[in-house]
Amino acid sequence: MNGDAPLKAPADTPLSRDLVALTKPRIISLLLVTTAAPMYAAGSPSLWTVLLVMVGGYLMAGGANAVNMYIDRDIDDVMARTRLRPIPSGRMSPTQVLAFGVFCATLATWMLAHFVNVLTAGLALAGFYFYVFIYTRILKRTSPQNIVIGGAAGAFPPLVGWAAVTGTLDVTALCLFLIVFYWTPPHFWALALLKQVDYGRAKVPMAPLVWGERETMNQMVWYTVILLVLTLLPVLYGAFGVLYLVSAVVLGGLLMWGVLKVLWAAKRNAPWTAPAWWVYKYSLLYLALLFVAMGVDRAITR
């Protein structure tokens, strides 16, 4: 895949398709998994509640992604993988994108507060604000820790799902939050290693550009170690059982193997781009399957 290949924006893209693109549906699909699975891990939600939380969660995350594109419209225009987005391609104005994002977030807040509970709405809105202001507005362009601290925004969905069923938060909900938090750096740094030219052109201080490739890979290993330990904690105090334990060990072992393969390749001065792509893609599947295992484990042990 050549990230610098010339791209041509389709001028006749329907508005409806651009509106959907603003929400980044492929990214949101993983967020919805990490929202729905904790709902079944926390209890036995009705299909109506699950549907409301899924729709509200999609709107909130989609609104955050749209506002993100509004704020990042200047650097999106110089990065090969983002220059076809609605604003840099000229298909939508910045004002239209901002208005759409705010509308989605407002509608989501009302839906979740009115039909689910206020805590669920508040947590979803907190994720929106954290992503837009803490990550996109402040950290992304100022610190190589942008993904680490900013990763908290993507860790809110498990809290949203848990609160939607229980009306409260507990130690298990915090564990799920931390699992996503510590999963984020190795996942996104794998991509950052592959897209250094793009990030350098946009002057975004991603870890490989500031710390160097080798140090970034070392950090990926340590964050993965912490992640794997965190995935086992709920088993130690009885929150999840054998099915989840086996899933966590197998899935986590594969992730660690992939991250170490990237580092080993770099140490041997061998090509590491293929292993890095594998880590990026597999880490998406890893998180989805891990959370599905949580829900299934609790369902069969009730």
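Residues that are in contact (Cβ under 8 Å) with a residue 60 or more places away in the chain, more than 11 Å from Arg73 (Cβ to Cβ) and not charged (D, E, K, R) within region 91-106 comprise Phe100, Gly101, Cys104, listed in sequence order.
The listed residues are Arg81, Arg141, Arg137, and the only one of them that is in contact with a Pro (Cβ under 8 Å, 6 or more places away or on another chain), surrounded by fewer than 17 Cβ atoms within 10 Å (Cβ to Cβ) and either over 15 Å from Met39 (Cα atoms) or modelled with pLDDT of 95 or more (or both) turns out to be Arg141.
Residue check: is Ile75 of a type in the set (A, V, I, L, M), in contact with a Ser or Thr (Cβ under 9 Å, 6 or more places away or on another chain), farther than 24 Å from Phe181 by Cβ and surrounded by fewer than 21 Cβ atoms within 10 Å (Cβ to Cβ)? Yes, satisfied. Which of the residues spanning region 267-283 are of a type outside the set (S, T, N, Q) and surrounded by fewer than 16 Cβ atoms within 10 Å (Cβ to Cβ)? Those that are of a type outside the set (S, T, N, Q) and surrounded by fewer than 16 Cβ atoms within 10 Å (Cβ to Cβ): Lys267, Arg268, Ala270, Pro271, Ala274, Lys281. Taking each residue of region 289-302 that is buried (at least 17 other Cβ atoms within 10 Å of the Cβ) and looking for partners that are acidic (Asp, Glu) with beta-carbon atoms closer than 8 Å, six or more apart or interchain, yields nothing. Answer yes or no: is there a residue in region 229-238 that is touching a Leu at 6+ places or on another chain (Cβ under 6 Å), at negative phi and not assigned by TED's automatic domain parsing to the domain that holds Ala153. Within region 229-238, one or more residues are touching a Leu at 6+ places or on another chain (Cβ under 6 Å), at negative phi and not assigned by TED's automatic domain parsing to the domain that holds Ala153. Among residues of region 232-243 that are within 14 Å of Ala173 (Cα to Cα), those with a beta-carbon under 7 Å from a residue that is aromatic (Phe, Trp, Tyr) and modelled with pLDDT of 95 or more at least six positions away or on a different chain give the pairs Pro234/Phe240; Val235/Tyr244.
The values are calculated or read from the model by the stated rules, or taken from the named source; none is laboratory data. Remember, it's a predicted structure, so these values are computed and weren't measured experimentally. So basically every Cβ, Gly included, is an ideal-geometry build from the backbone, and we count neighbours across all protein chains shown.
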